[in-house]
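Asks: What follows is a structure written as structure tokens; I'll ask about it next.
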Amino acid sequence: MFSEALAAAREVVAVQEQYFPFTTKSQVTDGQKPDRIFSSELVFALQYPNRDKIFTDYFTPDLKDDQMWLTPSTYLEKIFGTLALNDWRYESNWKVASGHTNRCFYKYSDLETDAYYADLLPMIRMSEMYYIIAETAENETDALESINLVLDNRGVELLTSASQLESTLLNEYQKEFWGEGQLFFYYKRMNRSSILSAFSGGNVEMNDTKYVLPLPQSETDFR
């Protein structure tokens, strides 16, 4: 299974420069139309004309703390570390807003522009291909080169030792896929017994029952 995942990821990576080039820092932090989803790197995405409602319904600083989804500063500190401001994802997606102690999440905020990526929802990212290679590569050199290519294009310090690879991959999944629904499946695949809560900043104990989502009622009603 790992060998098949590695081969598939390498096949996509082989055409990256032609079809899915890395998004630059200037594009991500553009003051007029920030590309917070790193759109040029999206292998697959959905078009959702009402994407900004995700922001206005759950994350906008116009809401009060008890009306919105706020992430405790302790959580952000744990996953971004002391060099958070160097990470392009932190700089573009997590903003200080008046009236709120914690930073607000801006990935899906309205761009008020005709940029093609203003209504895209990421589904498969180029970065995930590199993460797969880093996890399944046959040797440490390939693994480090793969993960470092992503880190270099996120403003993050490069790895020098494979001993840091496992923890860095977890950290990257936590930062890269925020608000996209991918992190849960990484936790499940790795069968992690404890995961970090984005609501409390503490740990949540996990088990097989919690990792298996219930079937929709529309299915169980007619079985």
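The values are calculated or read from the model by the stated rules, or taken from the named source; none is laboratory data. If you're wondering where the values come from, they're calculated on a predicted model, not measured in any experiment. Every residue, glycine as well, gets a Cβ built from its backbone with ideal geometry; the counts of neighbours run over all protein chains shown. Keep in mind that these areas ignore ligands, DNA and RNA; they rest on the heavy atoms of the full protein, side chains included. Shrake-Rupley method; radii C 1.70, N 1.55, O 1.52, S 1.80 Å.
Asks: K107 versus (1) under 12 Å from W178 (Cβ atoms); (2) surrounded by fewer than 18 Cβ atoms within 10 Å (Cβ to Cβ); (3) modelled with pLDDT of 95 or more: which is the lone unmet condition?
Replies: (2)
Yes/no per residue for (1) assigned to a helix (DSSP H, G or I); (2) free of Cβ contacts under 8 Å to residues at least 60 places away in the same chain:
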site: D62; (1), (2): no, yes
site: T74; (1), (2): yes, no
site: E91; (1), (2): yes, no
site: H100; (1), (2): no, yes
site: D110; (1), (2): no, yes
site: V156; (1), (2): no, no
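Asks: Also, I was wondering about something else. Which one of these does F22 not meet: (1) within 20 Å of the chain's Cα centre (by Cα); (2) more than 28 Å from G99 (Cβ to Cβ); (3) open to solvent by 50 Å² or more (accessible area, probe 1.4 Å)?
Replies: (3)
Asks: Can I ask one more? Is there any pair with a first residue in the stretch 182-197 that is among the hydrophobic types (A, V, I, L, M, F, W, C) and a second that is modelled with pLDDT under 95 and not in a helix (DSSP H, G or I) whose Cβ atoms are under 6 Å apart and which are 6 or more apart or on different chains, and what are they?
Replies: Cβ pairs passing all conditions: I195/V204.
Asks: Moving on. Quick test for you: out of N207, N203, pick the one residue that is under 22 Å from T82 (Cβ atoms) and either touching a residue at least 60 places away in the same chain (Cβ under 8 Å) or open to solvent by 30 Å² or more (accessible area, probe 1.4 Å) (or both).
Replies: N203
Asks: Another question about this same structure. Which residues, taken from the stretch 1-19, are in contact (Cβ under 8 Å) with a residue 24 or more places away in the chain and open to solvent by 80 Å² or more (accessible area, probe 1.4 Å)?
Replies: F2, S3, R10
One line per residue, one yes/no per condition, for (1) modelled with pLDDT under 90; (2) of a type in the set (A, V, I, L, M); (3) in contact with a helix residue (DSSP H, G or I) (Cβ under 6 Å, 6 or more places away or on another chain):
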{"position": "E11", "(1), (2), (3)": "no, no, no"}
{"position": "E17", "(1), (2), (3)": "no, no, no"}
{"position": "S26", "(1), (2), (3)": "no, no, no"}
{"position": "E41", "(1), (2), (3)": "no, no, yes"}
{"position": "F55", "(1), (2), (3)": "no, no, no"}
{"position": "K64", "(1), (2), (3)": "no, no, no"}
{"position": "Q67", "(1), (2), (3)": "no, no, no"}
{"position": "L76", "(1), (2), (3)": "no, yes, no"}
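Asks: Condition (residue is among the hydroxyl-bearing types (S, T, Y), in contact with a strand residue (DSSP E or B) (Cβ under 9 Å, 6 or more places away or on another chain) and open to solvent by 20 Å² or more (accessible area, probe 1.4 Å)) applied to the stretch 90-97: is it met by at least one residue?
Replies: Taking every residue of the stretch 90-97 in turn, none turns out to be among the hydroxyl-bearing types (S, T, Y), in contact with a strand residue (DSSP E or B) (Cβ under 9 Å, 6 or more places away or on another chain) and open to solvent by 20 Å² or more (accessible area, probe 1.4 Å).
To keep it simple, each residue is scored yes or no on (1) out of contact with any helix residue (DSSP H, G or I) (no Cβ under 7 Å at 6 or more places or on another chain); (2) modelled with pLDDT under 95; (3) surrounded by fewer than 18 Cβ atoms within 10 Å (Cβ to Cβ).
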{"position": "E128", "(1), (2), (3)": "yes, no, no"}
{"position": "I132", "(1), (2), (3)": "no, no, no"}
{"position": "E172", "(1), (2), (3)": "no, no, no"}
{"position": "G179", "(1), (2), (3)": "yes, yes, no"}
